[in-house]
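The values are calculated or read from the model by the stated rules, or taken from the named source; none is laboratory data. Since this is a predicted model, take the numbers as computed values, not measurements. So basically every Cβ, Gly included, is an ideal-geometry build from the backbone, and we count neighbours across all protein chains shown.
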Amino acid sequence: MAGALAWFRRDLRLDDNAALGRALARSTRVFCAFVFDSEILGALESRADRRVDFIWRSVGELRERLQEAGGDLIVLHGRARDEVPHLAAALGVDEVVAAEDYEPAALARDAEVAERLRASGIGFTAVKDTVVFAKSELLTQGGRPFTVFTPYKNAWLKLVGEAELAQRLAESDLKRLARPPVATRLPELRELGFEPTDLAASGIRPGERGARETLDDFLGRIDGYHAQRDFPALDATSGLAIHNRFGTVSIRRLVRTARSRRTTGTDFWLAELIWRDFFFQVLHHHPRVTQEAFRAEFARIEWPNDEDLFAAWREGRTGYPLVDAALRQLNATGNLHNRLRMVVASFLTKDLLVDWRWGERYFAATLNDFDLAANNGNWQWAASTGCDAQPYFRIFNPVAQSQKFDAQGEYLRRWLPALANVPMKSIHAPWRMSPAEQAACGCVIGHDYPAPVVDHAVQRERALALYKRARP
C-alpha cells in the first residue's frame, strides 16, 4: 500500500498500539491523526471537564513522541465523521486504520466513515486493541455469549495465550511514519471550548508517561491488593481506570504484567481486568442494555423516582455517612472507589427506589474514567437487572458497609467535616446519638449534618415488594 492514516481514538499511546502497528506493517508511509470530535465534546455539560483535559494533555504527549520518532500527529477539531474522510482524501492514502470501538454511537459513526471512505476508494480497517477478547471470540461450549461472569472468567483464563497478548507494534516499523505535507498545531484547550482542570490535585497523571508511572506505583503494592482493595481510606487500587478508558496503557501489557507475577494480589487484579472484557462483550451482543434492563422481567419495575431523594443522593446529603462521603468525593474529584460505587448504586436503587438509569447517567457525567460498557454493567449489577446479577433481595446495608470497610471512620472524616468530632462508635450512624452527645461533639443532626432521608429497614421491604411485583 502506498499510504495509510492511523486514526487515534481511545488508544493514545505508541506502546503496543494495535491500530498503528497494523498500519505500519501494511504501508510504506503512515500518517497519524486525532480528532477532537465536536459531536462528543458538545454533549458534555461542564466546560471544566477533567476527561477533556486528560485527553488534551495525552494527545500533546503523543504528538511529541511521534515527532521524536520521525512522524507527527495531525490534530483536528470538528465532526470526526467529516474530518477523517476529508483528511484521508487530502493525504491520498489507501486505507484508514483505527482501534475498534464497541459503543453503539461509535459503531454508527465508524459505519458512516467507512462508507464515505469507500465512496472515495479508500479502505477502512478497525482492529482489536481495547480488550483481550472481543465480540464473539469467547463463547460458551454451546456457541452462545456468556451471561455469567465466573464461567466467562474461567474460559478467558483457559484460552488466553501468547497470540492474544503479543506486542502489536514493532519499534523498528516506526521508520515508516510520515510527516504531513502541511504542518499542523495542537489547539489550545480553550480553543476547544474547555478550561484547564485540577488533574494533578486529583492525583491523575495524563499520557503514556503518566500511565507508566501510575502502573509502577501500583506494582509496589499490588501484592496486597486482594486484602486492601475494598477499603476506601487506603490507596490500594491501581489508579489505572482512566488510562484504560483512553488507552494510554495497553490492556495486553497489563495482563502480561499480572500473569508474570502470579501472586494472590495480582490474580485478584487480573480478575478486574477480565471484568472489563466481560462487560464489553455484553455490550457487543446486547446493545439494548444501554436503554433497558438486561433481565426482561425487571423492565417492568415501577420506580417511584422521587426527585428530592435523587437530589439528596446526588449532592451527598442523604444522612448516611458512607453514601454522602462517596458522592462528595465524586463531585469534588471525579474519582470514586469501586466498593463505594457499588454501595451508592445499591442505595439509590434499593433504598431510594430510583431508576438505575438516573444514577448511570450521573456517573457518566461525573466519573473521570467513565466507560459505557463498565458503567452500564456495574449499575445493572447493583440494581439486579443485569446479567450475572446478584439476587434482587441482595441489598447493601449502608451502615454495615461503613462499619466493615471504614471501621475507624478515616474516609468519612476526610469527606464529611461535620463528623470530625463524632466518636468512632457513632460515626457510621450519627443520628443514633442522643441530643446531649450530638451537642458535645458539635454535630447536631438536622443542623450540622442531615438526618437520614429514609429508613433503611423500611426501604428494604419496599424494594423487595417493588421487585416482586415486577416479576411475572
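So here's what we get for this one:
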read-out	value
Among the candidates Glu95, Glu137, Glu115, residue that is farther than 27 Å from Arg252 by Cβ and out of contact with any helix residue (DSSP H, G or I) (no Cβ under 6 Å at 6 or more places or on another chain)	Glu115
Output for the stretch 168-208, where each listed residue is surrounded by fewer than 15 Cβ atoms within 10 Å (Cβ to Cβ) and not in a loop (DSSP other than H, G, I, E, B)	Glu171, Ser172, Lys175, Arg190, Glu191
Any chance Asp235 is among the acidic types (Asp, Glu), outside any helix (DSSP H, G or I) and touching a Lys or Arg at 6+ places or on another chain (Cβ under 9 Å)	yes
Some residue of the stretch 292-313 being acidic (Asp, Glu) and surrounded by 18 or more Cβ atoms within 10 Å (Cβ to Cβ)	no
Test result for Asn305, in contact with a helix residue (DSSP H, G or I) (Cβ under 6 Å, 6 or more places away or on another chain), in contact (Cβ under 8 Å) with a residue 40 or more places away in the chain and in a loop (DSSP other than H, G, I, E, B)	no
Counted residues, the stretch 19-48 - those being crowded, with 24+ Cβ neighbours inside 10 Å, within 21 Å of Arg209 (Cβ to Cβ) and small (Gly, Ala, Ser)	1
Among residues of the stretch 20-35, those that are within 21 Å of the chain's Cα centre (by Cα) and either outside the structural domain of Val59 (by TED's automatic domain parsing) or farther than 16 Å from Asp72 by Cα (or both), counted	0
Cross-chain or 6+ apart pairs with Cβ under 8 Å, the stretch 431-457 first and on the phi < 0 side of the Ramachandran plot and part of a loop (DSSP other than H, G, I, E, B), then modelled with pLDDT of 95 or more and hydroxyl-bearing (Ser, Thr, Tyr)	Met433/Ser426; Cys443/Tyr449; Pro450/Thr318; Pro452/Thr318; Pro452/Tyr320; Val453/Thr318; Val454/Thr318
Filtered residues of the stretch 391-414 (kept if among the aromatic types (Phe, Trp, Tyr) and surrounded by 13 or more Cβ atoms within 10 Å (Cβ to Cβ))	Tyr392, Phe396, Phe405, Tyr411
The one condition in (1) under 30 Å from Pro181 (Cβ atoms); (2) free of Cβ contacts under 8 Å to residues at least 60 places away in the same chain that Thr140 fails to fulfil	(1)
Number of positions in the stretch 418-440 that are more than 18 Å from Gly316 (Cα to Cα) and either polar (S, T, N, Q) or surrounded by fewer than 18 Cβ atoms within 10 Å (Cβ to Cβ) (or both)	13
Which numbered condition Thr214 misses (of (1) outside any helix (DSSP H, G or I); (2) surrounded by 14 or more Cβ atoms within 10 Å (Cβ to Cβ); (3) among the β-branched types (Val, Ile, Thr))	(1)
Those residues of the stretch 315-334 which are within 14 Å of Ala365 (Cα to Cα) and assigned to a helix (DSSP H, G or I), in sequence order	Leu327, Leu330, Asn331, Ala332, Thr333
Unique match (being under 25 Å from Asn17 (Cβ atoms), touching a Gly at 6+ places or on another chain (Cβ under 9 Å), modelled with pLDDT of 95 or more and crowded, with 16+ Cβ neighbours inside 10 Å) among Leu117, Leu138	Leu117
Within the stretch 335-348, considering residues that are assigned to a helix (DSSP H, G or I) and free of Cβ contacts under 8 Å to residues at least 60 places away in the same chain, the one surrounded by the most Cβ atoms within 10 Å (Cβ to Cβ)	Val344
